[in-house]
Amino acid sequence: MAIQGNNLIQVMSQVAPPGLAVEKDRIGLQLGDPQALVKKVLVTLDVTEEVVEEAISLGCNWIVAHHAIIFHPLTHIRLDQPQGKLLRKLIQHQIQVFIAHTNLDAAEDGVNDVLADLLGLQNTKVLVPYKEDRYLKLVVFVPESHKENMRKVLGDAGAGYIGKYSHCSFSTLGTGTFMPQMGTNPYIGEVGKWEKVSEVRLETILLESERETIITAMKEAHPYEEVAYDLYPLALSGVPIGFGKVGDLASPISLGEFAQQVKSAYHVKGLRMVGDPTKMVQRVAILGGSGSRHVSDALKAKADVYLTGDIDFHTAQDALAAGISLLDPGHHVEYLAMSELMSQLQKRLPNEVPVYLSSVDTNPFRFV
């Protein structure tokens, strides 16, 4: 069953809600037509010319990537320069490019969750909160005959989570009244006649970042062509949204031993280390990508070691003086989360839409 691009975009909004992204981040559909049918999907960390060639050979007309192809405002598109050549090839082969960047970093089962899980970190929390995902109360009025299906649809879409309990809701029975006007096609009642219906007021809770997905699912499942529903802001504390994770190893080990574990878990041939390799570490802060400027946040979190990419010389000196160890496996280890992204898309998209993981190594660095 072929689907349109908008359906893929909707699925991506479930996997990596756009509301999780930092302000002005370059996310979403960066190139192509949202109405284009989705034949095959290629998941990748970066979009390079080699990745585009791979997409062409596989017959993929959609690419879902972590790093944007257009990050800074374009002043020109020159076809004799790398970016212009890349854009031309994508357009010529009618390949759409969709980006999930900081929203995938912060998402559940996103980049930082994957990197933390690979190291076995326990009791993880957000390292650098930058906003709060607020709770909203959703109230929808539905015919009594549809209440259980609506309850399930809302829960399956992500509503009703309270702690470790899912599908939480409350319902009360009442009477709904309405009069269909000319041009309507009422599920119950007749045009021009006042109608009374036994309806249920169904209440549940949702996170603002998941609002669009849940409301869409609600409307699709509701029998009425006009759905009566309310959304209320709640005074409850929301869920922190942010970069990175901080958590604990099961037991203390030496920094040197932990560095070897990181190499093995992240499949890297080498990494840079700052600190005494005999020092015992247990509390670990991690931030996928470029996190050099967040050493102070790792210190506030009382981390023994901070693991991130693109650490510069002076940051390393300052960290050493402050007593926190650093491990830099490179920016590129974010690619490890692309396998999880592929799996999530495979679960949510029809079986007729194949999803592939790019086999192209886009890491520009080599150990010699």
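When the residues of region 256-288 are filtered to those that are outside any strand (DSSP E or B) and buried (at least 21 other Cβ atoms within 10 Å of the Cβ), which remaining residue is nearest to the chain's Cα centre (by Cα)? The residue in question is V262. In region 217-249, which residue that is open to solvent by 80 Å² or more (accessible area, probe 1.4 Å) and among the small types (G, A, S) is modelled with the lowest pLDDT? Per the criteria, the residue is S237.
Tally up the residues in region 190-209 that are of a type in the set (D, E) and modelled with pLDDT under 95, please.
Residues in region 190-209 being of a type in the set (D, E) and modelled with pLDDT under 95: 3 in total.
The conditions of being buried (at least 18 other Cβ atoms within 10 Å of the Cβ) and not polar (S, T, N, Q) are not met by L173. Scanning region 332-368 for residues that are polar (S, T, N, Q), in contact (Cβ under 8 Å) with a residue 12 or more places away in the chain and open to solvent by 30 Å² or more (accessible area, probe 1.4 Å) yields a count of 3.
Scanning region 184-205 turns up one or more residues that are open to solvent by 70 Å² or more (accessible area, probe 1.4 Å), touching a strand residue (DSSP E or B) at 6+ places or on another chain (Cβ under 6 Å) and among the charged types (D, E, K, R).
Checking each residue of region 102-116 against the condition of being closer than 15 Å to T362 by Cα, assigned to a helix (DSSP H, G or I) and β-branched (V, I, T) gives no match.
With respect to being among the charged types (D, E, K, R), within 30 Å of R151 (Cα to Cα) and either open to solvent by less than 40 Å² (accessible area, probe 1.4 Å) or without any contact (Cβ under 8 Å) to a residue 24 or more places away in the chain (or both), E210 falls outside the description.
Here the condition is being β-branched (V, I, T), closer than 27 Å to L58 by Cβ and touching a strand residue (DSSP E or B) at 6+ places or on another chain (Cβ under 6 Å); of V353, V333, V360, it holds for V353 alone. Being open to solvent by 70 Å² or more (accessible area, probe 1.4 Å), acidic (D, E) and within 21 Å of A337 (Cα to Cα), is that true of even one residue in region 10-26? No: region 10-26 contains no residue that is open to solvent by 70 Å² or more (accessible area, probe 1.4 Å), acidic (D, E) and within 21 Å of A337 (Cα to Cα).
Output the residue which, of all residues in region 41-99 that are in a loop (DSSP other than H, G, I, E, B) and of a type in the set (G, A, S), is nearest to N351 (Cα to Cα). Break it down into steps so the answer makes sense when it comes.
Kept after step one, since they are in a loop (DSSP other than H, G, I, E, B), are these residues of region 41-99: 45-48, 59-61, 66-81, 93-95.
Still in the running and of a type in the set (G, A, S): 59, 68.
Numbers: G59: 16, A68: 27 Å.
Among residues in region 41-99 that are in a loop (DSSP other than H, G, I, E, B) and of a type in the set (G, A, S), the one nearest to N351 (Cα to Cα) is G59.
Before we move on, is D304 touching a residue at least 24 places away in the same chain (Cβ under 8 Å), open to solvent by 20 Å² or more (accessible area, probe 1.4 Å), more than 18 Å from V43 (Cβ to Cβ) and under 25 Å from the mean Cα position of the chain (by Cα)? It is false that D304 is touching a residue at least 24 places away in the same chain (Cβ under 8 Å), open to solvent by 20 Å² or more (accessible area, probe 1.4 Å), more than 18 Å from V43 (Cβ to Cβ) and under 25 Å from the mean Cα position of the chain (by Cα).
Could you pull out the residue among K24, K89, K39 that is over 30 Å from K131 (Cα atoms), basic (K, R), out of contact with any Asp or Glu (no Cβ under 6 Å at 6 or more places or on another chain) and free of Cβ contacts under 8 Å to residues at least 60 places away in the same chain? Break it down into steps so the answer makes sense when it comes.
On the way: K24 fails: over 30 Å from K131 (Cα atoms); K39 fails: free of Cβ contacts under 8 Å to residues at least 60 places away in the same chain.
Exactly one of K24, K89, K39 is over 30 Å from K131 (Cα atoms), basic (K, R), out of contact with any Asp or Glu (no Cβ under 6 Å at 6 or more places or on another chain) and free of Cβ contacts under 8 Å to residues at least 60 places away in the same chain, namely K89.
The rows are residues; the columns are (1) of a type in the set (K, R); (2) closer than 30 Å to P240 by Cα.
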{"site": "Q4", "(1), (2)": "no, no"}
{"site": "L8", "(1), (2)": "no, yes"}
{"site": "K40", "(1), (2)": "yes, no"}
{"site": "L58", "(1), (2)": "no, no"}
{"site": "G84", "(1), (2)": "no, no"}
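The values are calculated or read from the model by the stated rules, or taken from the named source; none is laboratory data. Model, not experiment: these values are computed from the prediction. Using ideal geometry, Cβ is built from the backbone for each residue, glycine included, and neighbour counts are taken over all protein chains shown. Surface areas here come from the heavy atoms of the whole protein model, side chains and all, with no ligands, DNA or RNA. Shrake-Rupley method; radii C 1.70, N 1.55, O 1.52, S 1.80 Å.
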